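The values are calculated or read from the model by the stated rules, or taken from the named source; none is laboratory data. Bear in mind the structure is a predicted one, so any value in this text is a computation, not a measurement. No Cβ is skipped: glycine too gets one built from the backbone with ideal geometry, and neighbour counts run over all protein chains shown.
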Amino acid sequence: MTSYRSSPRRNLLPATAWFFSIALCAAQTPQRSSPTKSMASQSGVVRGKTYSSDLVEAGRGLFRQDCSFCHGRDATGGETGPDLTRSRLVREDIGGEKIAPVLRNGRPDRGMPPFELTAQQISSLAAFIHSQQDNAAAAAGRAGNGGRKGVDASDLQTGNAEAGRSYFNGAGGCAACHSPTGDLAGIASRYEGLELEKQMLYPKHAKSKIIVTTLSGQTIAGTLAYEDEFTIGLTDSSGTYRSWRTRDVRYKISAPVNAHVDLFSRYTDADVHNLMAYLQTLH
């Protein structure tokens, strides 16, 4: 018997894809005092670097565009992203020397892809993160709390909705499976903020479709209801459950979530932000 079963995929979300890495964080409270200087302790020697306000502001804009949906607008953590102001790697970093390799190489083992950033962009991001780490240490009662902030829906509203609509109907191929007046109608009311983005990137509870072909050549289509090594079962259009021994039929499973995973290698940051902005209009 020939089986066309789809291979299961790992959930790549979180962290997705476009997120700063959990690799930047080890939850240790930094001992920092100056709001304008980044300090690192190496072999007992404390060194520092002062960043210009222009560099910090450039990093702030880049961080809020690409990173705030995971790590919060001020880098103190989000629902899925760690608090970068408490990161040992950041504390030991000087001028981006430790942050840069993580950004450029990614951490595939933790779901972080490599980022194509210029040296100037990395320097600006490092400057902003260090400034936030300094500010967090200086704020009364902030250092050592271990709190993690949520992500506001506004943190995810950085894209262009019209560009997202064009991507949905065109290059993204989303319209082949989804409809803004059908399955996606009201989705922005059912999911908000980070939950909506999770559904967009890796939808939960997506039903797999299956076509079974019997030995006599009859084909039966439906929604996958059961699968193991010996049995395959589906629910047909009438709501009736039907099953067969796997050795007696051929079948092909189409898992919608796989189509979303396949997009990971094709998405640009702009695609994700724009598509998210478009989905947020579907109330």
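Of (1) closer than 30 Å to ASP66 by Cβ; (2) free of Cβ contacts under 8 Å to residues at least 24 places away in the same chain; (3) touching a Phe, Trp or Tyr at 6+ places or on another chain (Cβ under 7 Å), SER243 satisfies all except one. Which?
Failing condition for SER243: (1).
Suppose the filter is within 28 Å of the chain's Cα centre (by Cα), aliphatic (A, V, I, L, M) and over 16 Å from PHE168 (Cα atoms); does ILE253 pass it?
yes
In the list LEU234, LEU224, LEU275, which residue meets the criterion of being surrounded by 18 or more Cβ atoms within 10 Å (Cβ to Cβ), in contact (Cβ under 8 Å) with a residue 12 or more places away in the chain and either assigned by TED's automatic domain parsing to the domain that holds GLY164 or closer than 30 Å to ARG64 by Cα (or both)?
Result: LEU275 is the single residue among LEU234, LEU224, LEU275 that is surrounded by 18 or more Cβ atoms within 10 Å (Cβ to Cβ), in contact (Cβ under 8 Å) with a residue 12 or more places away in the chain and either assigned by TED's automatic domain parsing to the domain that holds GLY164 or closer than 30 Å to ARG64 by Cα (or both).
Can you find a residue in segment 214-221 that is within 30 Å of ASN169 (Cβ to Cβ), touching a residue at least 12 places away in the same chain (Cβ under 8 Å) and not charged (D, E, K, R)? Walk me through it before giving the result.
Taking segment 214-221 and keeping what is within 30 Å of ASN169 (Cβ to Cβ), we get 221.
Retained after the next criterion (residues that are touching a residue at least 12 places away in the same chain (Cβ under 8 Å)): 221.
Pick out the ones that are also not charged (D, E, K, R) and you get 221.
Yes - at least one qualifying residue is present in segment 214-221.
What is the number of the single condition among (1) modelled with pLDDT of 75 or more; (2) over 19 Å from ALA137 (Cα atoms) that ASP66 does not meet?
Going through the list (1) modelled with pLDDT of 75 or more; (2) over 19 Å from ALA137 (Cα atoms), ASP66 breaks only (1).
In segment 136-159, which residues are crowded, with 17+ Cβ neighbours inside 10 Å and either part of a helix (DSSP H, G or I) or modelled with pLDDT of 70 or more (or both)?
Correct list: ALA136, ALA137, ASP155, LEU156, THR158, GLY159.
Assess whether LEU196 counts as being modelled with pLDDT under 90 and on the phi < 0 side of the Ramachandran plot. Talk me through it step by step, then tell me what you get.
Numbers: modelled with pLDDT under 90: yes; on the phi < 0 side of the Ramachandran plot: yes.
Yes, satisfied.
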